[in-house]
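Heads up: the structure comes next, in structure tokens.
Read the figures in this text as sums done on the coordinates, not as results from a lab. A quick note: this is a predicted structure, and the numbers were derived from the prediction, not measured. Cβ: placed from backbone, ideal geometry, glycine included. Neighbour counts: every protein chain shown.
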Amino acid sequence: MRKAERNGKFRRNRIVLRRVESIIRKYNPKAILLYLPMGHEVDVRPLFRRLRRDRKIYVPFMEGESFKLVQYRLPLQRKRFGIYEPMNSHFYLSEIDMAIVPVVGVDGRFRRIGFGKGMYDRFFGSLRRKPLTVFVQLAKCYTKEKITDDFDVMADIYITPEDIIVRGKRHVDRVDNRRCGSHG
């Protein structure tokens with residue numbers, strides 16, 4: 001990756017993280033689902049150190065066709081799809097207050113377009129209480145078309161470097177980007 005591309009990605013990532021932190025301050029969740037990012041996703045790892053002092057941080061642990069939550073702790077092991085995970089835990093978590101979820105895109109019903117495995121869909125379908133769900137992405141990829149299924153995860157908030165969209169209304173910082181794509 002060229003230096004200019006790295007700098008652009010770093011800048012976009014920083015913007016998204018600042019926006020996520022402002023949402024966390026606003027809603028003050030005590031139990032948060034984060035994720036261990038792949039290279040093309042928003043790198044939320046800086047949040048782990050800042051948030052774990054006064055909140056419980058959980059990450060997905062893949063089990064079969066879905067995942068369960070495990071508390072974030074070191075060491076991490078590289079697993080399927082090149083994703084890092086902490087060790088398995090027999091801890092059972094009944095509820096989370098907020099979920100930060102990576103997306104490929106978002107459709108007109110504010111539902112997640114993901115990577116096609118359905119793991120988040122199955123996980124969210126198993127929850128008794130839906131947490132505040134925040135989608136994050138390095139470059140806005142939103143379509144007004146309805147292309148997802150009813151079982152696909154629905155967001156409450158969608159954060160990109162270009163925009164913060166709250167389901168039902170738009171944030172004042174928005175810019176009008178109608179296309180998917182990366183910015184250099």
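Table for the structure above
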{"item": "Pairwise FRET efficiency - VAL104 versus GLU21, Cβ, R0 = 22 Å, nearest 0.05", "result": "0.40"}
{"item": "12 Å cut-off, amide nitrogen to a point 7 angstrom out along LYS30 Cα→Cβ, residues in region 97-124", "result": "97"}
{"item": "Computed E for ARG11/ARG78 - FRET, C-beta separation, R0 22 angstrom, nearest 0.05", "result": "0.20"}
